[in-house]
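> Just dropping this structure here.
The values are calculated or read from the model by the stated rules, or taken from the named source; none is laboratory data. Every value quoted in this text rests on a predicted model; they were computed, and no experiment measured them. All Cβ positions, glycine included, derive from the backbone under ideal geometry; neighbour counts span all protein chains shown. Side chains included, ligands, DNA and RNA excluded: accessible areas come from the protein's heavy atoms. Shrake-Rupley method; radii C 1.70, N 1.55, O 1.52, S 1.80 Å.
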Amino acid sequence: MSNPIIEPSGGGVGAFVRELNLNDSMTDDTIAVLRKGLGEYGVLFFRDQDITPETHAAFASRFSNININRFFTPVLDYPMIAEVRKEPEQKTNIGGGWHTDHSYDKEPAMGSMLLARETPPSGGDTIFASMYSAYDTLSDGLKETLGGLRGVHSSRHVFGENAARFKDKDNDAGDRLRNAQEATQDAVHPLIISHPISGRKALYVNPGFTIGIEGWVEKESKALLEMLYEHARQPEHAYRFQWRTGSIAFWDNRATWHYAVNDYHGARRLMHRITLEGDALAA
Ligand code: SIN
């Protein structure tokens, strides 16, 4: 079998993988090409993949061990697949804000593979942003300053007992999330990391889970983080992916942010997510 074609998305991040049917057997060489593409482009998009949960899991596990998600409800009979679901009568979606999965873990997940099972008639896109590009476009002076800093990340405020779903009466995500008592993860990572696959520098803070800068008081941390977020949110770094049933986005959490757009009220959206284990991050 010849290797797949990897075609840049044309936006600030991501590439489309063409001529690959995930139901076909794949050589280690093909997996190596995909891994390199993931490290280079940050997200790989696949179209029209009619696969079973078993094939989804088998493909994902060619890249790393599967992380069993602590907080998301799993797909029935498939504990290794998390359900990302919003029903027509629900208001709150999962992932509706810029974030990087699992940055609160000491060894953050390397990536996630999201498969669209049911898509709304319109809307429900996911926007991705490149943290390579966010880093590359900072001034040399700021790059040098950030290079000596470390960010503090936590799961507590998002999945724990003080999370929005317990405090905000309009937040109805509660039926899709679980184990608030297990949201005890805190981690410190360099603000600028060297990407484990590509070796490129990437900005590694995110609005979802970063709660401060190590050794800085809250006011100082907030000011620097807000400035970095404003910079990283610029559309130049982003690509907006429109889902169809059978589409897959496989993103690298060390090189990207993502944002699930919540603009399809009254329709159902059902995705299957597999998250893959990663390693400790280095500057
Ligand atoms: C997520 O943040 O993992 C979900 C993304 C999406 O549903 O588009």
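> Could you tell me whether Tyr229 is hydroxyl-bearing (Ser, Thr, Tyr) and either within 12 Å of the ligand (Cβ to nearest atom) or assigned to a strand (DSSP E or B) (or both)?
So Tyr229 does not fit the description; no.
> May I pose another question? When the stretch 88-122 is examined, which residues are found to be within 11 Å of the ligand (Cβ to nearest atom) and assigned to a loop (DSSP other than H, G, I, E, B)?
Passing the criteria: Asn93, Ile94, Gly95, Gly96, Gly97, Trp98, Thr100, Asp101, His102, Ala109, Thr119.
> Here are some conditions: (1) away from the ligand (no atom under 12 Å from the Cβ); (2) buried (at least 18 other Cβ atoms within 10 Å of the Cβ). Gly141 meets all but one. Which one does it not meet?
If we test Gly141 against (1) away from the ligand (no atom under 12 Å from the Cβ); (2) buried (at least 18 other Cβ atoms within 10 Å of the Cβ), just (2) comes out false.
> Name every residue in the stretch 123-138 that is within 16 Å of the ligand (Cβ to nearest atom) and outside any helix (DSSP H, G or I), in order of residue number.
Within the stretch 123-138, Gly123, Gly124, Asp125, Thr126, Ile127, Phe128, Ala129 qualify.
> Among the residues of the stretch 261-279, how many are more than 19 Å from Leu38 (Cβ to Cβ) and away from the ligand (no atom under 13 Å from the Cβ)?
3
> Look through the stretch 71-87, keep the residues that are out of contact with any helix residue (DSSP H, G or I) (no Cβ under 9 Å at 6 or more places or on another chain) and either open to solvent by less than 20 Å² (accessible area, probe 1.4 Å) or of a type in the set (A, V, I, L, M) (or both), and return whichever of them is farthest from the ligand (Cβ to nearest atom).
By that ranking, first place goes to Leu76.
> Just to verify a result, which residue in the stretch 254-276, among those that are in contact with a helix residue (DSSP H, G or I) (Cβ under 9 Å, 6 or more places away or on another chain) and of a type in the set (S, T, N, Q), is surrounded by the most Cβ atoms within 10 Å (Cβ to Cβ)?
Per the criteria, the residue is Thr256.
> Here are some conditions: (1) of a type outside the set (Lys, Arg); (2) in contact with a strand residue (DSSP E or B) (Cβ under 8 Å, 6 or more places away or on another chain); (3) open to solvent by 60 Å² or more (accessible area, probe 1.4 Å); (4) part of a loop (DSSP other than H, G, I, E, B). Ile211 meets all but one. Which one does it not meet?
(4)
> Please go through the stretch 1-25 and give me each residue that is open to solvent by less than 30 Å² (accessible area, probe 1.4 Å), closer than 26 Å to Glu54 by Cβ and either modelled with pLDDT under 95 or of a type in the set (S, T, N, Q) (or both), ordered by number.
Once the filter is applied, which keeps residues that are open to solvent by less than 30 Å² (accessible area, probe 1.4 Å), closer than 26 Å to Glu54 by Cβ and either modelled with pLDDT under 95 or of a type in the set (S, T, N, Q) (or both), the stretch 1-25 yields only Pro4.
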